[in-house]
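Read the structure below first, then the notes.
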Amino acid sequence: MGAIFGIINKDGKPIEQADISDMQTAMQHRAVDGSGVYHSKQVIIGHQQLITNIFQINEHLPYEDDTYVITADACIDNRKELARILDYAGKYPSLHDSLIILEAYKKWGPQCTDRLDGEFAFAIWNKQTQTLFAATDHIGFRRFHYYDTPSQFILATEIKSIRAVKQTPAVFNEDVLIESFTRHHSGITFDKEIFFLPAARYLLLEPGKPLLKKQYWQIQPSGKYKFTKAEDWVECLRELLTQSIQNRLHTDHAVGVTLSGGLDSSFVTAIMAGILAKQNKPLYAFSAIQPKGYNGPEKDEKFYIEAMGKRYNNIVQTFVRPSASIGPLNNLEAAFDQTEQIVNSFHYLDKAFCEAAHEKQVRILLNGFGGDMNISNPGKDVIYALLMQGKLKKALHYLQWKRSVKRTQWDVNSKPLSLAQLIKAEILANTPLRTLQHQIKGFKKQDIPLADHLLQKAKAITPNHLRVYPYNRYFQQRINSGSLGFTINSFAAFSPFYQLETHMPLLNKNINEFYFDLPAEQLILQDQQRSLIRRAMKGLVPDEIISRTDKKAYSPDFLNRLITQQAHLERFLNYHNNNDCFNIKILQKHYNDIIANNDFGKRTNALYLTQAGIADAFLKWANDL
């Protein structure tokens with residue numbers, strides 16, 4: 001995954017060579033295969049190159065012609081289709097994604113983003129009109145940060161490259177604390193003057209005009225996918241995911257996957273292994289497992305992981321286990337230096353996967369992240385949807401099924417409820433009645449450990465996020481706000497430091513569009529949670545994985561690692577750096593439940609406790625800059 005950067009001095013002041021060097025040095029880890037700069041007095045447009053696919057070979061960026069300069073971090077899925085439409089072959093000797101983007105912009109202007117399919121962040125400078133056009137892809141897979149003042153505009157893939165040259169000091173934005181706990185992301189960073197461009201946005205910088213930002217696409221049911229037979233939905237999903245994966249495997253480098261043994265990662269792994277086997281290539285699989293003799297609450301996945309290796313003999317398995325002395329509160333300053341954000345509670349495992357992949361010289365790393373948000377979700381609001389559609393007979397059937405498997409909307413371990421209680425739970429969970437309940441009780445005060453003034457601020461700045469939607473509306477809002485894209489980049493934040501390009505094929509735009517056209521019942525057809533993906537996996541994944549219902553949390557032995565960090569937690573609770581940001585009373589309760597009482601039932605509270613400790617350390621890191 002390469003990087004882009006640039007400076008436009010609106011006041012006409014020449015750009016010093018030192019500024020160019022500083023921006024390049026800040027992202028030197030992304031310049032494994034070279035670096036390039038266009039420099040014309042008050043403008044620079046630059047690129048740091050990491051070659052991961054065959055279409056980047058002999059691609060020299062930035063590219064300049066008589067009118068335009070382009071730099072891009074991109075992987076265009078429909079490059080061949082666009083090449084035909086744009087008569088690309090008659091203009092260039094080699095097929096490069098950056099030039100596809102440029103030709104699309106020449107033909108369609110800002111509307112070119114409607115034609116591009118894939119992952120991209122790019123900037124195009126018009127030398128004649130002195131304008132800049134830049135855009136991010138529909139889901140937000142590629143990063144784009146910017147800084148804008150009356151005299152200067154700076155852009156870069158990473159914040160550190162902007163910080164290296166901007167003249168003003170960082171001013172901490174406490175709203176990032178709110179966003180880290182509410183999972184709503186609006187385009188801010190920890191520095192009040194630096195922003196990220198969310199998914200499906202473009203910006204236009206013209207002389208003498210304010211910066212224009214526009215959202216060019218939103219996810220919604222489109223009617224593109226219309227099938228009457230259940231098997232047709234299954235076949236379409238297989239085709240879409242296979243194509244999504246195939247689009248990421250146009251490479252001469254080693255390819256890897258993180259394999260947990262769950263449905264999503266196993267499905268991705270099976271398709272990858274099949275494609276690579278036809279090319280006589282290995283697939284490097286990286287998996288986290290429990291230590292021998294572990295008896296904690298998390299599930300040991302090794303049996304399922306090894307079942308995949310038995311099915312596909314080109315899988316080269318590596319078991320990843322960070323040192324027992326490492327946990328979620330270790331090595332935070334180094335993590336912040338690299339990612340410049342409040343890292344997730346499993347950052348130590350994410351980094352360990354990157355280290356293991358780098359040792360195998362892997363440059364393309366796929367995972368199954370996101371499947372439980374769309375095509376593999378357990379049917380979170382299916383019954384409510386059936387009720388609203390007037391399909392009462394089906395709704396009643398699934399309510400009875402839900403009761404028989406002892407499930408409620410949010411707690412898979414709860415005792416059986418009556419039919420009336422289940423209907424009430426469905427309506428409460430999916431209508432404004434839940435919003436009213438939260439208003440009466442206070443917004444999640446019992447859990448989220450932020451100080452009251454930050455919780456009140458959260459209500460003001462993220463009102464749509466805090467409202468409880470039916471799940472599909474919530475997921476739709478996550479995509480359209482750019483929050484999903486931010487999350488994607490957060491989980492892949494360490495990859496560039498290990499010459500890796502991480503991909504999440506289950507969150508591909510086409511698969512998300514398929515999901516929003518999918519009849520809700522397909523998710524629980526045949527009285528089975530995650531029914532669609534289970535049916536799609538048949539013949540590709542071992543039956544013992546397809547039928548499993550015992551999948552647990554993402555990170556093996558996370559809770560045990562947290563307990564070993566008792567001293568870190570006590571220091572935070574007793575001497576935390578920011579008394580006015582956290583609700584210590586709530587945090588102390590979470591601490592007592594987990595540490596003193598060994599109550600592992602509330603994993604969410606353990607995550608809140610961990611995230612607060614990480615956020616507190618991040619505040620100290622940011623204030624020391």
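The values are calculated or read from the model by the stated rules, or taken from the named source; none is laboratory data. Just so we're clear, the structure is a prediction, and the values are computed from it rather than from any experiment. Every residue, glycine as well, gets a Cβ built from its backbone with ideal geometry; the counts of neighbours run over all protein chains shown.
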Could you list, in sequence order, the residues of the range 113-138 that are surrounded by 24 or more Cβ atoms within 10 Å (Cβ to Cβ) and part of a loop (DSSP other than H, G, I, E, B)? L116, D137, H138
Exactly one of (1) assigned by TED's automatic domain parsing to the domain that holds K80; (2) surrounded by fewer than 19 Cβ atoms within 10 Å (Cβ to Cβ) is unmet by E235. Its number? (1)
Go through (1) part of a loop (DSSP other than H, G, I, E, B); (2) under 29 Å from F55 (Cα atoms); (3) over 20 Å from the mean Cα position of the chain (by Cα) one by one and return the number of the condition G274 breaks. (1)
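Looking for whichever is in contact with a Lys or Arg (Cβ under 8 Å, 6 or more places away or on another chain) and in a helix (DSSP H, G or I) here; the options are I383, I364. Which one fits?
I383 is the lone residue from the list that is in contact with a Lys or Arg (Cβ under 8 Å, 6 or more places away or on another chain) and in a helix (DSSP H, G or I).
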Please determine whether any residue of the range 3-13 is free of Cβ contacts under 8 Å to residues at least 40 places away in the same chain and either farther than 19 Å from F141 by Cβ or β-branched (V, I, T) (or both). yes
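Quick grid of which residues meet (1) in contact with a helix residue (DSSP H, G or I) (Cβ under 9 Å, 6 or more places away or on another chain); (2) at pLDDT 90 or above:
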| position | (1), (2) |
| --- | --- |
| R548 | yes, yes |
| P556 | yes, no |
| Q566 | yes, no |
| F572 | yes, no |
| N579 | no, no |
| I595 | yes, no |
| R603 | yes, no |
| T610 | yes, yes |
Among R115, R79, the single one that is outside the structural domain of L249 (by TED's automatic domain parsing) and within 21 Å of R201 (Cβ to Cβ) is R115
If you check K351 against the conditions, is it out of contact with any helix residue (DSSP H, G or I) (no Cβ under 7 Å at 6 or more places or on another chain), surrounded by 22 or more Cβ atoms within 10 Å (Cβ to Cβ) and at pLDDT 95 or above? yes
Does F491 qualify as being among the aromatic types (F, W, Y), at pLDDT below 95 and over 30 Å from E235 (Cα atoms)? no
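Pick out the one residue from L197, L212 that is over 17 Å from S481 (Cβ atoms) and either in contact (Cβ under 8 Å) with a residue 24 or more places away in the chain or not polar (S, T, N, Q) (or both).
L212
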From T71, T131, T136, which residue is under 19 Å from F486 (Cβ atoms), in contact (Cβ under 8 Å) with a residue 60 or more places away in the chain and among the β-branched types (V, I, T)? T136
Test H47 against the criterion of being farther than 18 Å from E158 by Cα and either under 24 Å from the mean Cα position of the chain (by Cα) or not aromatic (F, W, Y) (or both), and give yes or no. no
Assess whether L625 counts as being outside any loop (DSSP other than H, G, I, E, B), surrounded by fewer than 19 Cβ atoms within 10 Å (Cβ to Cβ) and modelled with pLDDT under 90. no
All but one of (1) under 19 Å from E119 (Cα atoms); (2) over 21 Å from the mean Cα position of the chain (by Cα); (3) crowded, with 21+ Cβ neighbours inside 10 Å; (4) of a type outside the set (A, V, I, L, M, F, W, C) hold for R163; which doesn't? (1)
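Can you go through R363, R311 and tell me which one is buried (at least 22 other Cβ atoms within 10 Å of the Cβ) and touching a helix residue (DSSP H, G or I) at 6+ places or on another chain (Cβ under 9 Å)?
Details: R311 fails: buried (at least 22 other Cβ atoms within 10 Å of the Cβ).
One residue alone meets the criteria, R363.
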Just name the residue that is surrounded by the most Cβ atoms within 10 Å (Cβ to Cβ) out of those in the range 28-57 that are of a type in the set (A, V, I, L, M, F, W, C) and either assigned to a helix (DSSP H, G or I) or assigned by TED's automatic domain parsing to the domain that holds A493 (or both). F55
Looking at this structure, is A307 within 21 Å of R534 (Cα to Cα), assigned by TED's automatic domain parsing to the domain that holds C354 and in contact with a Pro (Cβ under 6 Å, 6 or more places away or on another chain)? yes
Those residues of the range 9-27 which are outside any helix (DSSP H, G or I) and either at pLDDT below 95 or surrounded by fewer than 18 Cβ atoms within 10 Å (Cβ to Cβ) (or both) amount to N9, K10, D11, G12, K13, P14, E16
